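Nothing in this text is a laboratory measurement; each read-out follows from the coordinates by a stated rule. Keep in mind that what you see is a predicted model, and the values were worked out from it rather than measured. Backbone-built Cβ (ideal geometry, glycine too); neighbour counts: all protein chains shown.
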Amino acid sequence: MTTISQSAAIGAGAHAAPKSKARNLSLDRARTFLTLVVLLHHAVIPYTYFGHTDPKFFFGFDMIVLATDSFFMAMFFFLSGLFAWSGIARKGPLNYLADRLLRLGLPFVICAFTIIPLAYYAISLRYHPEIGFSEYWWNMVTKGPWPSGPIWFLWVLLGFDVVACILYRLSPNLLEPINRLSLHGRRRPAVFFAVMLAVTAAFYVPGLMIYGPSSWFEFGPFSVQHGRVMLYASYFFFGAGIGVANMDRGLLAADGRMAKVSWDWMVLAIVPYCLLWVLIFIKREILGNPSPLPNWYEGLYAVCFAVFSVAIMFLILAFFQRFKQSGSARLLDPMQADAYGMFLVHYPIALWLQYWLFDYDLPAIVKATIGFVLTVAFSWALTRALRQIPGATKVL
């Protein structure tokens, strides 16, 4: 989701321009993998208990959506943060922000006026087949609602980048404690895990209990979940702290211990994930889906969510660190340069494929498989074509 910039040095060295290094293949592959997870999430959600915009249903897709929704956007903020502090140190706050405005701000504006209306028009046609696209577009932009779809990530990330630049100007060494914790995490990743879990839970648990899971800030195309914004901020700044300096010798070091204990992260992820399903069963079958939910329920759910979110992120990072030459790279490596563009353009493709598949009497698994494969293929091909436009690679 972000461009890759390199590490700055701690302390006095943080003021010098860092030298560029080779790209970290494990992080590139993790980011591209997450992009495919986003496409999968949007391909299966119509056939779930939560989405259910199609009469077909498959419980396995609920399992996928619960897992993906619990971590993938937070992990995107973490990966983006990894290169924020060092990018600011290397380019200077103003130049860094100028780059981010080009990379995040411009796509947000373009997508808000084109990609998003195209996507949601497919949903509108299901209920209002008489409305033309131009009328629908004008009503969305002038009267609302003006949903943001997945591009809310862009403006929120840009906001975090602005905050990071301000904090850097106040103190370039502000995130050194996180960096030292990362260096310690090379040998004892469990310590970093525990600290990150404690901090992220401290932000997320009160947020969920106060706002609930469905409360969104919305202003035109600008939207974000009230209860998660501080969770995302904590992931971003933990990533920024790791990326301050010596990232290749800290928690994410190729020869670090985190990659050697991947089975531990799997257990830490599976247990809270199963507990989330226990709580969902209690909500539906015992409590009767009350609104609002009791505070004790929201608190327990938030704790399990926070544990799963950090643990699954550690598991994915450990996997790509440990199996750098795995067969999955045969797909992820060629797709890496196009992953950001695929994220930007995939949403109308996914929704129009679902609109087309709606009237076919096919099992949910077949519909979702067709939707996912074609969404990946079409969004990849479209991104490749767009990147041929002069100057487009600076944005995509």
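Counting only residues at least eight positions apart within a chain, or on another chain, the aspartates and glutamates with an alpha carbon under 16 Å from that of K56 are D359, D361. Remark: spin-label model distance L362-N173 equals 6.1 nm, labels positioned 7 Å along the Cα→Cβ axis. Membrane-span-like helices in the chain, defined purely by DSSP H runs whose alpha carbon atoms cover 24 Å or more axially and whose average Kyte-Doolittle hydropathy reaches 1.0, are 25-44, 152-170, 189-211, 262-281, 295-322, 364-386. Provide the net charge surrounding M335, with neighbours chosen by a C-beta distance below 14 Å and charges set as Lys +1, Arg +1, Asp -1, Glu -1. Surrounding charge for M335 is +2.
For every other residue with a beta carbon closer than 14 angstrom to the beta carbon of P290, add +1 if it is Lys or Arg and -1 if Asp or Glu, then tell me the sum. Local charge sum for P290: 0.
Amide H contacts of V224 (H built 1.01 Å from N, in plane; Pro and chain starts excluded): F217 sit under 5 Å, all sequence-distant by 5 or more or on other chains.
Taking the Kirkwood radius as Rh and the Cα radius of gyration as Rg, the chain has a ratio of Rg/Rh equal to 0.96. Only alpha carbons enter this Debye calculation for the stretch 279-396, each as an equal point scatterer, and the log10 of I(q)/I(0) it gives at q = 0.14 Å⁻¹ is -0.96. The relative contact order of the chain, computed from alpha carbon pairs under 8 Å that lie at least 6 residues apart in sequence, is 27 percent. Taking Cα centre as origin and charging only the Cβ of basic (Lys, Arg, +1) and acidic (Asp, Glu, -1) residues, the dipole magnitude of the chain rounds to 1480 debye. Cα centroid separation, the stretch 254-296 to the stretch 334-373: 28 Å.
Neighbours of F50, meaning other residues whose beta-carbon lies under 11 angstrom from its beta-carbon, give a summed charge of -2 when Lys and Arg score +1 and Asp and Glu score -1.
Among 113-123, 67-77, sorting by the average number of other beta carbon atoms lying within 10 angstrom of each residue, highest first, gives 67-77, 113-123. Projected onto its three principal axes, the C-alpha set of the stretch 276-321 covers 43, 18, 12 Å, listed from the longest axis down. Only helical runs count toward this figure. For the chain, summing -39,500 (n - 2.57) over DSSP H runs of n ≥ 4 and dividing by all residues gives -20500 deg cm²/dmol at 222 nm.
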